[in-house]
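Only one structure is covered here, and it is reproduced in the block below.
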Amino acid sequence: MSLVRVQGVTKEYLLGEQVVVALDDITLSIEEGVFMAIAGPSGSGKTTLLNIIGCIDTPTRGRVFIDGQEVTGRSADDLAYLRARSIGFIFQTFNLFPVLSAAENVEYPLLQLPEVSPVERRKRVAKYLKMVGLAGKERHRPNQLSGGQRQRVAIARALAIHPRIVLADEPTANLDSKTGTEILELMKRLNRELGTTFIFSTHDRRVMAMADRLVRIEDGHLALLAVRGEGGWKAVRTRRPAHEDKAEAVSA
């Protein structure tokens, strides 16, 4: 069973009196444990697709399934419950609380989970800060950390809830080349060690080079789905001409 499935998803926005189609009839299945890059130019719809997978946004038409359960049409409270326990988020601007320490930032989403005890919270904070190489930096606030260290805090925070999926929106955009590569290597290692599914919205070629699945979005359409094999990338699906029948869901 696919971990994520989007079926016939279209997203439209009203801009003044004009309807803007951000996504047009996207059908895609994503297997558990993949390291996937959703690529495309600015305005292509890749971030919109990421937000719909993350239940931050909802489609105008179509259906979305997470771990076999349909989330389309669920209430805001239901979606918030799902996000808090199943989906970790990493943003290009880190989105850390400036007045909180690294440990407090990692702990913050756990405070929303009454089933996680204070003792368990402390264990998870220590575990994931150590895992991302920040043992000893627990009391540092964001302004006392480098950009790469702040992104490491964000990664630890995303993992602390024990998510099935981590969504990363341009996570290397505000980092220098060396730091960005280190962050990507860290996330790839965590993907392998923990089996957590990582899905990136990106135009960074370094992300694509490390991915084992590549989805390209162009003008709101699924233009390419490729899988990395021993001989390099293999296209599983490319965009069909408009007069042809729509393709079935394909596994990524």
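Quick notes on this one:
- From Leu129, Leu134, residue being modelled with pLDDT of 95 or more and part of a loop (DSSP other than H, G, I, E, B): Leu134
- Pick from region 122-149, criterion under 21 Å from Glu185 (Cα atoms) and either in contact with a Cys (Cβ under 6 Å, 6 or more places away or on another chain) or among the polar types (S, T, N, Q) (or both), ranking: surrounded by the most Cβ atoms within 10 Å (Cβ to Cβ): Gln149
- Candidate set from region 53-75 (those that are without any contact (Cβ under 8 Å) to a residue 60 or more places away in the chain and within 22 Å of Arg157 (Cβ to Cβ)); member that is surrounded by the most Cβ atoms within 10 Å (Cβ to Cβ): Cys55
- Residue in region 66-81 that is under 16 Å from Pro163 (Cβ atoms) and hydroxyl-bearing (Ser, Thr, Tyr) present: yes
- Hits in region 66-81 - residues which are part of a helix (DSSP H, G or I) and of a type outside the set (A, V, I, L, M, F, W, C): Asp77, Asp78, Tyr81
- Of residues in region 236-252 being part of a strand (DSSP E or B) and under 22 Å from the mean Cα position of the chain (by Cα), the one modelled with the highest pLDDT: Val236
- Residue tally, condition within 16 Å of the chain's Cα centre (by Cα) and under 18 Å from His203 (Cβ atoms), over region 177-191: 3
- Some residue of region 91-103 being under 25 Å from Cys55 (Cα atoms) and at pLDDT 95 or above: yes
- Here Val119 fits the description: on the phi < 0 side of the Ramachandran plot, exposed (fewer than 13 other Cβ atoms within 10 Å of the Cβ), outside any loop (DSSP other than H, G, I, E, B) and of a type in the set (Val, Ile, Thr).
- Matching residues, region 82-116, being part of a strand (DSSP E or B) and aliphatic (A, V, I, L, M): Ile87, Ile90
- Among residues of region 164-176 that are of a type in the set (Asp, Glu), those with a beta-carbon under 7 Å from a residue that is surrounded by 23 or more Cβ atoms within 10 Å (Cβ to Cβ) and not in a loop (DSSP other than H, G, I, E, B) at least six positions away or on a different chain give the pairs Asp169/Ser201; Glu170/Ser201; Glu170/Thr202.
The values are calculated or read from the model by the stated rules, or taken from the named source; none is laboratory data. Keep in mind that what you see is a predicted model, and the values were worked out from it rather than measured. Note that each Cβ is placed from the backbone with ideal geometry, even for glycine, and that neighbours are counted across all protein chains shown.
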